[in-house]
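This report refers to the structure that appears directly beneath it.
Any read-out appearing in this document is the output of simple, stated calculations on the displayed coordinates, not a laboratory observation. Everything numeric here is computed off the predicted structure, so don't read it as measured data. Every residue, glycine as well, gets a Cβ built from its backbone with ideal geometry; the counts of neighbours run over all protein chains shown.
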Amino acid sequence: MYEWQKQIQVIVDEIDECMKGHSDEALTLRFLARKLGYSEYHTTRKFKEISGMQFREYLRQRKLAFALKEVRDSDKSLLDIAFDYGFSSHEAFTRSFKGTYGVTPSEYRRNPKPVVLRTKISPFDRYFFGLGEIGMIKTTEGVKAYFVTIPAHKFLYIKNYESNGYWDFWQKQSLIEGQDYETICGLLDSIKGKLDDGGGSEANCGSGQIMAYMNDPKGRLCDWGIPRSECWGVRLPLDYRGEVPPQMSMDDIPENEYIVFEHGPFDYEQENCSVEEKIEEAMAAFDYTGAGYCLDTSPGRIMYFYYNPEQYFKYIRPVKKLDKVYNTSSEK
């Protein structure tokens, strides 16, 4: 099963590359099965066993997800978009689009609203399976620490008061109707204008979706004794006026100061734990007082967590200058 998890990941990655390059000839079960060296029957059976859906249905939904973003963001004709993603006609595209998202492509172009896209599945994850690193190679690059001022923006999110970490968060969310990983990530993936969107279509890797930790009196105590809740969401421009899905919340986040602890690109399979440990050590050892700051534990302040092994691994923690702290204390 372990080997097949990796093989299905190869298929999933290949599908998205073909979508991006409009290489429709490669998007066939025959091509992908040959790439793996197995029969079409064995490949499609294993695909359903691991992903939970038929290969053909996954392919159809991924085509629609890519097509929807072009309907939303481009000026291309709907017919051209239909042909680009393998639909035989405008009518076939419209029928499939409406059957999946509840609106026609033309209606969606006039009024984009959050819909659940089929985001890229990730069937292979060494840490999810408890496999850890391969070879325990320690990264030689250090962690940068620097202060930034982040402009005012909105944060659209779901929140969990009890979870402890990414996997626990989604396990607990899966028990709440309409707040499971597939639904929430699919909704967020369809929203236009995300501040951190790199143009991708998979969660937390280019689609603007991030983990966040909110200082919250109702939350559980974190390792450094601050009650916080865990959130998953997207940052949006302050003037965002789009529809808010009913299972989500949206807050205005004022302009404020933060400290960033950032590690550069790294090998996910070999260095993930090492990089995480290095960042944790850097955060614990940082001399806030010497820099004239302290962590801001005020309710509502947010720590953002960005994770993309090909680019960076970084925590963005809320801070305030010590002179502000002293002034506030003296006023009391």
Can you give the extra length, in nm with one decimal, that the chain gains between Asp13 and Tyr161 once fully stretched, where that is 0.36 nm per residue apart less the Cα-Cα distance?
-> 49.9 nm
In Å and whole numbers, how far do the C-alpha atoms of the stretch 144-327 stretch along each principal axis, longest first?
-> 45, 42, 30
Excluding residues on the same chain fewer than 8 positions from Lys321, give the lysines whose Cα lies under 18 Å from its Cα.
-> Lys332
To the nearest 20 debye, the stretch 2-110 has a Cα-centred charge dipole, built from +1 on Lys and Arg Cβ and -1 on Asp and Glu Cβ, of 320 debye
Using a Gaussian network model of the chain whose springs link C-alpha atoms within less than 10 Å, name the residue from Leu236, Leu117, Leu175 with the highest mean-square fluctuation.
-> Leu175
So what is the orientation-averaged projected area of the chain, using the convex hull of its C-alpha atoms, in nm²?
-> 19.2 nm²
Diffing the stretch 170-184: the Karplus 3J(HN,Hα) column from phi (6.51, -1.76, 1.60, θ = phi - 60°), in whole Hz with x for Gly and Pro, holds 6, 5, 6, 5, 5, 8, 9, 4, x, 10, 6, 4, 4, 5, 5
Quick one: Karplus J couplings for the stretch 234-245, per residue in order, coefficients 6.51, -1.76, 1.60, θ = phi - 60°, nearest Hz, x for Gly and Pro?
-> 9, 8, 10, x, 4, 8, 4, 10, x, 5, 9, x
Got the relative contact order for the chain handy, in percent, Cα pairs under 8 Å and 6 or more residues apart?
-> 17 percent
Lys/Arg +1, Asp/Glu -1 at C-beta; the stretch 144-327 dipole; positive extreme among Ile302, Ala145, Ile191 | Ile302
Set of lysines with alpha-carbon distance to Lys20 below 24 Å, sequence-local pairs under 8 removed = Lys6, Lys35, Lys48, Lys63, Lys69, Lys76, Lys98, Lys113, Lys120, Lys192, Lys194
Using a Gaussian network model of the chain with C-alpha springs under 10 Å, which one of Glu277, Glu262, Glu70 is most mobile by mean-square fluctuation?
-> Glu277
For helix 268-285, report the angle its Cα long axis makes with the longest principal axis of the Cα atoms of the chain; keep it between 0 and 90° and round to the nearest 10°.
-> 20 degrees
With charges only on Cβ, +1 for K and R and -1 for D and E, what is the dipole size of the chain about its Cα centre, in debye, rounded to 20?
-> 860 debye
Cα centroids of the stretch 207-242 and the stretch 87-110: how far apart, whole angstrom?
-> 35 Å
